[in-house]
Amino acid sequence: MPRHPILVPLSHDHREALGLAFFLHNPPPPGRVTAMTPASTPARRRARLLAFYDTSLVSHFRAEEEALFPALRTRRALVASLCDDHRRFADLRDAVAAARGDDAVQAALTAFADLLEAHVRREERELFAFFPEGIGEAGTRRIGDAIRAVLATRDPARCDTQD
């Protein structure tokens, strides 16, 4: 289903997040290590996740919480649950950063990836699919401007997509 145009930047973030979740669930098999194909280790996957969190998820969550969610009064319970997920992501990010040993790191990465995939799919299917329910044209324009303003504060250096 096509998204409302103001939600497209957030949906693009969701696509990147789903790609990361897939990668964390399905790391590439060991193979020949070269400069172009570095080893996929739990430590490298952790670094990729932490970079993605800092460069994409922090601003994405701000855009949702400051610009989008306040306008969605008809979906109050869903929005509250999604905000709770945002807090859980922060806790899981800390757990990933603090984990020691390959097994502990991979377990923390898997927990983060599980929540990330479920969260994105829930937003896309239960929240974005019904936008702009009850919001007029002026309201959607204001929300879109606010989303773009928050996302524009991102550090232009995006996380490395290679592992």
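Assigned to a helix (DSSP H, G or I) and among the polar types (S, T, N, Q): does that describe Thr34? Full working, then the answer.
Details: assigned to a helix (DSSP H, G or I): no; among the polar types (S, T, N, Q): yes.
No; evaluated as a whole, the condition is false for this residue.
Before we move on, is Ala71 of a type in the set (Gly, Ala, Ser) and touching a Gly at 6+ places or on another chain (Cβ under 8 Å)?
yes
Of all residues in the range 10-31 being assigned to a loop (DSSP other than H, G, I, E, B) and not small (Gly, Ala, Ser), which is most open to solvent (accessible area, probe 1.4 Å)? First the steps, then the outcome.
To start, the set of residues in the range 10-31 that are assigned to a loop (DSSP other than H, G, I, E, B) comprises 26-31.
Of the ones still in play, those that are also not small (Gly, Ala, Ser) are 26-30.
On the way: Asn26: 77, Pro27: 48, Pro28: 54, Pro29: 107, Pro30: 134 Å².
That would be Pro30.
Just to check your reading of the model, which residue among Thr34, Thr55 is over 13 Å from the mean Cα position of the chain (by Cα) and either among the polar types (S, T, N, Q) or open to solvent by 60 Å² or more (accessible area, probe 1.4 Å) (or both)?
Details: Thr55 fails: over 13 Å from the mean Cα position of the chain (by Cα).
Answer to the check: Thr34.
How many residues are in a helix (DSSP H, G or I) and free of Cβ contacts under 8 Å to residues at least 12 places away in the same chain if we restrict to the range 37-53? Steps first, answer last, please.
Filtering the range 37-53 for residues in a helix (DSSP H, G or I) gives 42-53.
So of that shortlist, the ones also free of Cβ contacts under 8 Å to residues at least 12 places away in the same chain come out as 47.
The qualifying residues number 1.
The values are calculated or read from the model by the stated rules, or taken from the named source; none is laboratory data. Fair warning: this is a prediction, and the values are worked out from it, not measured in the lab. Positions of Cβ are backbone-derived with ideal geometry, glycine not excepted, and every protein chain shown enters the neighbour counts. The area values use the complete protein model at the heavy-atom level, side chains included, leaving out ligands, DNA and RNA. Shrake-Rupley method; radii C 1.70, N 1.55, O 1.52, S 1.80 Å.
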